[in-house]
Amino acid sequence: MNAPSLQIQASTSALVLIDLQHGIVSMDVHPQPSSQVVSKCAQMAQAFRKAGGLVVLVTVGNLADGKDMLAPLADAMAPAGATRPANWSTLVVPITPQPGDITITKRQWGAFYGTELDLQLRRRGIKTIVLAGISTNVGVESTARDAFERGYQQVFVSDAMASPSAEAHANTLKFTFPRIGRTRTCDEVLAAIHA
């Protein structure tokens, strides 16, 4: 079955980039390295801005005392007490906010819960979210699931996201994204913006 051609109306679309910050981008990720993810995201951000689309830059960060962090008991818990460098939540260059961009700080995996992301998108008449970033199966997928439940159209940029596990990245692209949106490449998104 052929996928429908992609059309992106810039005035009602937002590029939402997840966790392109020093503490996340420094991880070893697959199937493409962080440098490629950042480069493709920067290309799309520039194209969205030029076309009049909205760019949303999402980071994850917590208070110094860590009391705003999620910490349920789990079989694969994050290491406790790890000290993060001062720039851990700082966006990497060239993913820097420009006039008209929105920045969102989240305290958990997904970018909707406990933030003003939904409010800011709806006030601007956004109907479609183009989603990319790191990690595919954590921050990106969590945000995508929340966006689906809020009724947004979604486009997932497969070569502008990555995960510490190539298998987890592939599983999200194979099993989750097809149920809640459309998966395309960076080149297909750029072509749809310019069309």
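Of everything listed in (1) within 19 Å of residue 28 (Cβ to Cβ); (2) free of Cβ contacts under 8 Å to residues at least 40 places away in the same chain, the single unmet condition for residue 140 is (2). Residues in the stretch 70-109 that are touching a helix residue (DSSP H, G or I) at 6+ places or on another chain (Cβ under 7 Å), surrounded by 13 or more Cβ atoms within 10 Å (Cβ to Cβ) and assigned to a loop (DSSP other than H, G, I, E, B): 84, 88, 89, 90, 92, 94, 95, 109.
So that you can scan it fast, the table gives a plain yes or no per residue for (1) closer than 17 Å to residue 127 by Cα; (2) touching a Pro at 6+ places or on another chain (Cβ under 8 Å):
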{"site": "5", "(1), (2)": "no, no"}
{"site": "9", "(1), (2)": "yes, no"}
{"site": "24", "(1), (2)": "no, no"}
{"site": "29", "(1), (2)": "no, yes"}
{"site": "37", "(1), (2)": "no, no"}
{"site": "40", "(1), (2)": "no, no"}
{"site": "49", "(1), (2)": "yes, no"}
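Of all residues in the stretch 154-187, those that are crowded, with 19+ Cβ neighbours inside 10 Å and either more than 17 Å from residue 139 (Cα to Cα) or among the charged types (D, E, K, R) (or both) total 2. Among the conditions (1) surrounded by fewer than 18 Cβ atoms within 10 Å (Cβ to Cβ); (2) touching a residue at least 60 places away in the same chain (Cβ under 8 Å); (3) within 19 Å of residue 39 (Cα to Cα); (4) not basic (Lys, Arg), residue 195 misses just one, which is (3). The set of residues in the stretch 160-194 that are farther than 21 Å from residue 15 by Cβ and in a helix (DSSP H, G or I) comprises 166, 167, 168, 170, 171, 174, 175, 179. For residue 147, the test of being small (Gly, Ala, Ser), part of a helix (DSSP H, G or I), within 14 Å of the chain's Cα centre (by Cα) and closer than 21 Å to residue 95 by Cβ is passed.
Readers should treat all values here as calculations from the given coordinates under stated rules, not as data from a laboratory. Since the structure is predicted, the reported quantities are computational estimates derived from the model, not experimental observations. Methodologically, a virtual Cβ is constructed for each residue, glycine included, from the backbone with ideal geometry; neighbour enumeration extends over all protein chains shown.
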